[in-house]
Each structure stands twice: as structure tokens, then as C-alpha cells.
Amino acid sequence: MAWQDATPVGDVYLWLAAAEERELRAHLPDVPLITHLEVVEGRRNRRVGTRLIRHAERYLWLAGFKQVALGVALDNEAARRLYARLGYAEWPHGQLATTEVLFHADGTRELRPELCRIMTRRLDLD
Ligand SMILES: CC(C)(COP(=O)(O)OP(=O)(O)OC[C@H]1O[C@@H](n2cnc3c(N)ncnc32)[C@H](O)[C@@H]1OP(=O)(O)O)[C@@H](O)C(=O)NCCC(=O)NCCS
């Protein structure tokens, strides 16, 4: 979580278990995933997202991982640009069909198919 004083302003979730998608398990075995990066509206463009990613990368590097991956929806150009600037490159295996989980205010969840590009980065932080 990212906090500003006592207010949560962003989050990221690290998926360390085997990926749900077969293609990810095949091409990137044992590579952790950065998922659900989000900064609340009104707090964006202040490097909170960048700091969350860098913090996640450092955590993974200290845990011994050598590479990290993430999926970004085809229409999310702002996020793709941010990841590219932070050193992520698209993998050569094409787009991936994934499932987006939407959490509604009433506590229900909705599953939606989502086409993603997969981006990876080597963790060479020393
Ligand atoms: C993607 C997301 C997490 C980025 O978070 P953020 O806190 O806005 O990210 P940053 O501030 O680190 O960087 C984003 C932009 O701000 C700019 N920026 C950052 N710090 C800046 C500064 N001090 N001065 C000027 N611009 C700055 C960056 O250059 C970048 O600009 P660009 O998109 O025009 O190229 C956020 O937009 C978000 O929650 N989006 C909705 C959910 C989502 O799409 N998540 C990604 C799923 S893959």
C-alpha cells in the first residue's frame, strides 16, 4: 500500500505463486507478477505509481528473484508508457487473454475477459 499520512492512496499486489495463465507458466516459469497497480484518482501523476513499482521490484530482488512480469490491457496506453519508461519491454510471444476481476462497492466481484500485453524486466538492481 502507498499511504499519504493516514490515507491509503495506492496499492500493488505481488503474485508469487505459479501464474494462472498457461502461457505465463510456460514462458516465464517462477517469475513473479506485479498485479493490480492502482493509484486513487486525484493522487495520480505524483510518482506514487513509480514508487510502488520500484518498491515492489526491490522487495522481489531482495527475495532473490531475477525477473518480474506484468500484464497491461491493450487500451491502457498511459500504464504501458509508464512501464516502458521504468525499463519494461514487451515479451515476444504475443498478446495474452486474461481475466480482469472488478470489485464493486457492494462487495460483489465481476470477472471480465481482458486482452493484455505482457511486459518483463530483469531485476538487476545492484
Ligand atoms: C497507472 C497508474 C498506477 C500510474 O500511477 P501514477 O501515480 O499516476 O504514476 P506516476 O506519477 O509515477 O507516473 C505517471 C505519469 O506522471 C508523470 N509524472 C510523474 N511524476 C511527475 C512529476 N513530478 N512532474 C510531472 N510529471 C510527472 C509521469 O511522467 C507519467 O506521465 P505520462 O503518463 O504522461 O507519461 C495510475 O494512472 C492508475 O492508477 N491508473 C488506473 C489503474 C491502472 O491503469 N493500473 C495499471 C494496470 S496495468
What list of whole percents do you get for P(r) of segment 1-112, with Cα-Cα distances grouped in 10 Å bins up to the one holding the largest distance? 12, 42, 37, 9, 0
A correct Karplus calculation of ³J(HN,Hα) over segment 71-86, with 6.51 cos²θ - 1.76 cosθ + 1.60, θ = phi - 60°, whole Hz and x for Gly and Pro, returns x, 10, 4, 4, 8, 9, 5, 5, 5, 4, 5, 4, 4, 4, 5, 8
Can you list the HN-Hα couplings for segment 45-59, worked out from phi with the Karplus curve (6.51, -1.76, 1.60; θ = phi - 60°), rounded to whole Hz and with x for Gly and Pro? 6, 10, 6, 5, x, 4, 5, 4, 5, 4, 5, 4, 4, 5, 4
Along the Cα→Cβ direction, 7 angstrom out, place labels at HIS93 and GLN67. What is the inter-label distance in nm? 0.9
Identify which of LEU14, LEU82, LEU37 has the largest mean-square fluctuation in a Gaussian network model of the chain, with springs joining Cα atoms closer than 10 Å. LEU82
Choose one answer from ASP106, ASP11, ASP30: the residue with the largest mean-square fluctuation in a GNM of the chain with alpha-carbon springs under 10 Å. ASP106
Hand me the GluC sites (Glu not before Pro) from segment 68-126 located in a DSSP loop with no more than 10 other Cβ atoms within 10 Å, in residue order please. none
Of THR108, THR35, THR98, which is the most mobile in a GNM of the chain whose springs link Cα atoms less than 10 angstrom apart? THR108
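Quote the relative contact order of segment 2-122 in percent (integer), defining contacts as alpha-carbon pairs under 8 Å separated by 6+ residues.
Result for segment 2-122 is 23 percent.
Suppose only helical runs count, i.e. DSSP H with n ≥ 4. What mean residue ellipticity at 222 nm does that imply for the chain under -39500 (n - 2.57) per run, divided by all residues and rounded to the nearest 500 deg cm²/dmol? Don't skip to the answer; put the middle values down first.
Details: 3 runs with 30 residues, N = 126.
Helices in the chain give a 222 nm mean residue ellipticity of -7000 deg cm²/dmol.
Any read-out appearing in this document is the output of simple, stated calculations on the displayed coordinates, not a laboratory observation. Being a predicted model, the structure only gives us computed values, none of them experimental. We place every Cβ from the backbone using ideal geometry, glycine too, and count neighbours over all the protein chains shown.
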